[in-house]
């Protein structure tokens, strides 16, 4: 049986497990730094925040003379270019060519979408019904609201 003698010279370099641990720590630190740097450039997502609109809209003689919808983003700033659609088969607006179309308006720089003269053909003999509003903008998502239309 051969017995190996251990050297008493301990001036050598870092070897074995300590070297592996140092390499693992270095790689993990670099990976973490890269991920944190990459995530620092990610923007917070946009969303539609508050929508200001009347809770009740009045209809007289089959007409809604006008109402406005004010749209703001998640920070409370006016949201320009948001599309506001009235999704209700009972309500139409003039298409400018003598016909009618579903009411669609885009918000201006002040975040306001104004609907002018809307024609209402209510179902049967009702005193009120709900009007569905859909507000959307690319990269901001969508928001839905219900407004009561009272017939007069």
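The values are calculated or read from the model by the stated rules, or taken from the named source; none is laboratory data. Fair warning: this is a prediction, and the values are worked out from it, not measured in the lab. So basically every Cβ, Gly included, is an ideal-geometry build from the backbone, and we count neighbours across all protein chains shown.
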Top-ranked residue in the stretch 101-133 [being under 24 Å from the mean Cα position of the chain (by Cα) and surrounded by 19 or more Cβ atoms within 10 Å (Cβ to Cβ); ranked as farthest from residue 63 (Cα to Cα)]: 111
When you check residue 64 against the structure, is it surrounded by 10 or more Cβ atoms within 10 Å (Cβ to Cβ), in contact (Cβ under 8 Å) with a residue 60 or more places away in the chain and under 18 Å from the mean Cα position of the chain (by Cα), yes or no? no
Looking for something modelled with pLDDT under 90, out of contact with any strand residue (DSSP E or B) (no Cβ under 6 Å at 6 or more places or on another chain) and part of a loop (DSSP other than H, G, I, E, B) - is there at least one such residue anywhere in the stretch 106-115? no
Does the stretch 40-61 hold any residues that are assigned to a loop (DSSP other than H, G, I, E, B) and surrounded by 10 or more Cβ atoms within 10 Å (Cβ to Cβ), and which are they? 46, 47, 53, 54
Would you be able to say whether some residue in the stretch 135-144 is surrounded by 13 or more Cβ atoms within 10 Å (Cβ to Cβ) and over 16 Å from the mean Cα position of the chain (by Cα)? no
Of the candidates 76, 124, the one satisfying the condition of being in a loop (DSSP other than H, G, I, E, B) and over 20 Å from residue 45 (Cα atoms) is 124
Report whether or not residue 92 is under 24 Å from residue 136 (Cα atoms), in contact (Cβ under 8 Å) with a residue 40 or more places away in the chain and either more than 26 Å from the chain's Cα centre (by Cα) or assigned to a helix (DSSP H, G or I) (or both). no
Residues 37, 96: which one is within 30 Å of residue 126 (Cβ to Cβ) and exposed (fewer than 10 other Cβ atoms within 10 Å of the Cβ)? 96
Working only within the stretch 83-101, note down all residues that are over 20 Å from residue 54 (Cα atoms) and touching a strand residue (DSSP E or B) at 6+ places or on another chain (Cβ under 7 Å). 94, 95, 100, 101
